[in-house]
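Q: Sharing a structure here in structure tokens format.
The values are calculated or read from the model by the stated rules, or taken from the named source; none is laboratory data. Just so you know, these numbers come straight off a predicted model, no measurement behind them. A quick note on method: Cβ atoms are made from the backbone with ideal geometry, for glycine too, and the neighbour counts reach across all protein chains shown. Surface areas here come from the heavy atoms of the whole protein model, side chains and all, with no ligands, DNA or RNA. Shrake-Rupley method; radii C 1.70, N 1.55, O 1.52, S 1.80 Å.
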Amino acid sequence: MKSLLTITTPASDLTLLSIEEMRAAAGVTGSGSDTALRAMERRVAASIMSECNIAVGAGSPPTLLRETLTETFYQACGETLILSRRHDVTVTSIVEDAVTLVDADFMADPESGMVTKLCSDYPTWWSARKVVVVYGAGFETVPEDLKMAAADFFRSSWMEQSRDPLVKSQRENVPGLLEKETAYWVGSVPGQSNEGAVPDLVAGQLKRFRNVALA
């Protein structure tokens, strides 16, 4: 089964942190660094969407925030239709081979985004050449656990601008004259992910929001 995702109404704002939260995470006061803070937050949010494998749709970058989407499934056959976006899913309409279904013809799980077809109130199989689903998905307000993960990632990313993450330790010896010794990490750096888009610590906080590809 193949599907095509289109963003009908994009989220008006893709940021996960307010400017006040960005300043607090970075440890800065005043508005002098706001441009740099906002640029960093955009990179952080984009990396989180990549880590969570948020589906890309035509019309807007991927986000966990609320959007209206149109998803078209081709050769729809199986027990469930798995929508590409999750969280607070509300289905507006489903058209199956040009026939508009009524609410009693299906049920949608709001968290998983799985849509089951019903017949006389019992689950049945989808079997259609084309199914078009219009639905809303995503959060109106950024959940606190997602906000915390974004703040932790933002803080570490901001700090890394002023230090080399490969440095393990530094030692200076003043007597005699200045003697400086720097030790570097060999292999993986603690707190850094080897493969993912975000540090391991933050990746663990994103478990709820990660989309898992189902065969």
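Q: I'm checking my understanding of the structure. Among residues of segment 8-23 that are in contact with a helix residue (DSSP H, G or I) (Cβ under 8 Å, 6 or more places away or on another chain) and not polar (S, T, N, Q), which one is farthest from residue 58 (Cα to Cα)?
A: Ranking the candidates gives 23 first.
Q: Now for a different question. Please go through (1) modelled with pLDDT of 95 or more; (2) open to solvent by less than 60 Å² (accessible area, probe 1.4 Å); (3) under 19 Å from residue 22 (Cα atoms) for residue 148 and return the number of the only condition it doesn't satisfy.
A: In the conditions (1) modelled with pLDDT of 95 or more; (2) open to solvent by less than 60 Å² (accessible area, probe 1.4 Å); (3) under 19 Å from residue 22 (Cα atoms), residue 148 misses (2) alone.
Q: Continuing with this model, one more query. Considering each residue of segment 83-113, count those that are assigned to a strand (DSSP E or B) and either open to solvent by less than 30 Å² (accessible area, probe 1.4 Å) or hydrophobic (A, V, I, L, M, F, W, C) (or both), and give that number.
A: Residues flagged as assigned to a strand (DSSP E or B) and either open to solvent by less than 30 Å² (accessible area, probe 1.4 Å) or hydrophobic (A, V, I, L, M, F, W, C) (or both) within segment 83-113 amount to 8.
Q: Being surrounded by fewer than 21 Cβ atoms within 10 Å (Cβ to Cβ) and of a type in the set (D, E, K, R) is the filter; apply it to segment 48-82 and report the residue that is modelled with the highest pLDDT.
A: Per the stated criteria, the residue is 66.
Q: Mind counting the residues in segment 114-152 that are in a loop (DSSP other than H, G, I, E, B) and more than 29 Å from the chain's Cα centre (by Cα)?
A: 3
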